[in-house]
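K.L.:
Please see the structure below; I have some questions.
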Amino acid sequence: MEERNLVEAKVAGKKCDIWQQGSGGPVILWGMYPHEGNELAHMQECLEEMCPAQNFLLAAFQAADWNRDFSPWEAPAAFGKDDFAGGGPETLCWLTEEYVPYLRECYGADRPLFLIGYSLAGLFALWAAYQLDLFSGIACCSGSLWFEGWDEFVTENEVRCECAVYLSLGGKEEKTDNPVMAMVGDRTREQERRLRKEPRVRSVTLEWNRGGHFADSCRRLAKGVQWLL
């Protein structure tokens, strides 16, 4: 399937892909891997299937370095050799100072903002809700809540957004021999419990999916968008 009506842009050095379904509606900011294959087209297909009558703007942006751009602080590698460089604050600054103003200028000023992400980008989306009163919806799908220091962080901080939060996880993700990543199930359950007590969180859900971490991330993200909409 070909990507339909995608507008490609480069905003302050980052490659972005923008797609309007219908007219108006919220802006869905999607932090993604450097685009490969048909990921964007598959995301469009999933959203058209699940949200056919909804109006929204999908505003994807690509990470140049996944471990750097979406990690909220420095941390040792959980697998492989690449440590996490803690570039999340820089990415969030780019979002607020470059990308959101660009989208508001080109596509309308008064539109709610959702921030969605998968894996480490899901952790980034959730972390951003603790940093700024900017987003009205967060989707953290298969989020890397095993990240070192995350449990302490959410204990010491509160969500700053008046928002709804969608969490999801694959049923097999916690069934791993990696002791760090095996914490993801308990951390995600605890995250849901904490969010239900947060005064600014309007609603929260945790959805369990079949399969492991790499089972159709676009469809899982689209389910999060459907719930937020």
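The values are calculated or read from the model by the stated rules, or taken from the named source; none is laboratory data. The model shown is predicted, which means the values in this text are computed figures rather than measured ones. Every residue, glycine among them, receives a Cβ derived from its backbone with ideal geometry; neighbour counts consider all protein chains shown.
K.L.:
In a loop (DSSP other than H, G, I, E, B) and either modelled with pLDDT of 95 or more or at negative phi (or both): does that describe G37?
P.N.:
Values: in a loop (DSSP other than H, G, I, E, B): yes; either modelled with pLDDT of 95 or more or at negative phi (or both): no.
The answer is no for G37.
K.L.:
Considering the range 20-35 alone, what residues qualify as being free of Cβ contacts under 8 Å to residues at least 40 places away in the same chain and surrounded by 17 or more Cβ atoms within 10 Å (Cβ to Cβ)?
P.N.:
Passing the criteria: only Q21.
K.L.:
Which of the residues spanning the range 171-210 are within 15 Å of Y118 (Cα to Cα) and assigned to a loop (DSSP other than H, G, I, E, B)?
P.N.:
Selection gives E173 alone.
K.L.:
Restricting the range 142-157 to residues that are within 20 Å of R200 (Cβ to Cβ) and aromatic (F, W, Y), which is surrounded by the most Cβ atoms within 10 Å (Cβ to Cβ)?
P.N.:
Out of the qualifying residues, it is W150.
K.L.:
Go through (1) without any contact (Cβ under 8 Å) to a residue 60 or more places away in the chain; (2) touching a strand residue (DSSP E or B) at 6+ places or on another chain (Cβ under 8 Å); (3) within 20 Å of R200 (Cα to Cα); (4) not aliphatic (A, V, I, L, M) and name the single condition G137 misses.
P.N.:
It fails just one condition, (1).
K.L.:
If I ask for residues that are small (G, A, S) and assigned to a strand (DSSP E or B), which ones from the range 46-77 would you list? So that I can check it myself, show each step before the final result.
P.N.:
Filtering the range 46-77 for residues small (G, A, S) gives 53, 59-60, 63-64, 71, 75, 77.
Within the range 46-77, A59, A60, A75 meet the criteria.
K.L.:
Please verify whether the range 171-190 includes one or more residues that are surrounded by 17 or more Cβ atoms within 10 Å (Cβ to Cβ) and either more than 27 Å from G211 (Cβ to Cβ) or touching a Cys at 6+ places or on another chain (Cβ under 7 Å) (or both).
P.N.:
No, the range 171-190 contains no residue that is surrounded by 17 or more Cβ atoms within 10 Å (Cβ to Cβ) and either more than 27 Å from G211 (Cβ to Cβ) or touching a Cys at 6+ places or on another chain (Cβ under 7 Å) (or both).
K.L.:
Which pairs have Cβ atoms under 8 Å, sit 6 or more apart or on different chains, and link a residue in the range 49-69 that is buried (at least 21 other Cβ atoms within 10 Å of the Cβ) to one that is of a type in the set (S, T, Y) and outside any loop (DSSP other than H, G, I, E, B)?
P.N.:
L57/Y107; A59/Y99; F61/Y99; A63/T91; D69/T91
K.L.:
Hey, among the residues in the range 1-19 that are at positive phi and at pLDDT 90 or above, which one's surrounded by the most Cβ atoms within 10 Å (Cβ to Cβ)?
P.N.:
Among those that are at positive phi and at pLDDT 90 or above, it is A12.
K.L.:
Give the number of residues within the range 170-182 that are more than 18 Å from the chain's Cα centre (by Cα) and under 25 Å from R219 (Cβ atoms).
P.N.:
To start, the set of residues in the range 170-182 that are more than 18 Å from the chain's Cα centre (by Cα) comprises 171-172, 174-182.
Okay, now just the ones that are also under 25 Å from R219 (Cβ atoms), so 171-172, 174-176, 178, 181-182.
The total comes to 8.
K.L.:
Among the residues of the range 134-162, which ones are closer than 26 Å to Q54 by Cβ, part of a loop (DSSP other than H, G, I, E, B) and under 16 Å from the mean Cα position of the chain (by Cα)?
P.N.:
Initially, the range 134-162 is screened for residues closer than 26 Å to Q54 by Cβ, giving 134-143, 159, 161-162.
With part of a loop (DSSP other than H, G, I, E, B) added as a condition, the list becomes 134-136, 142-143, 159, 161-162.
L134, F135, S136, S142, G143, V159, C161 - these are the residues of the range 134-162 that are closer than 26 Å to Q54 by Cβ, part of a loop (DSSP other than H, G, I, E, B) and under 16 Å from the mean Cα position of the chain (by Cα).
K.L.:
Kindly evaluate T96 against the criterion of being within 16 Å of the chain's Cα centre (by Cα), within 18 Å of D133 (Cα to Cα) and crowded, with 16+ Cβ neighbours inside 10 Å. Explain how you work it out, then say what you get.
P.N.:
On the way: within 16 Å of the chain's Cα centre (by Cα): yes; within 18 Å of D133 (Cα to Cα): yes; crowded, with 16+ Cβ neighbours inside 10 Å: no.
Against the criterion (within 16 Å of the chain's Cα centre (by Cα), within 18 Å of D133 (Cα to Cα) and crowded, with 16+ Cβ neighbours inside 10 Å), T96 does not qualify.
K.L.:
For the range 86-111, enumerate the residues that are over 24 Å from G25 (Cβ atoms), of a type in the set (G, A, S) and either at pLDDT below 95 or in a helix (DSSP H, G or I) (or both).
P.N.:
Residue satisfying the conditions is G88 alone.
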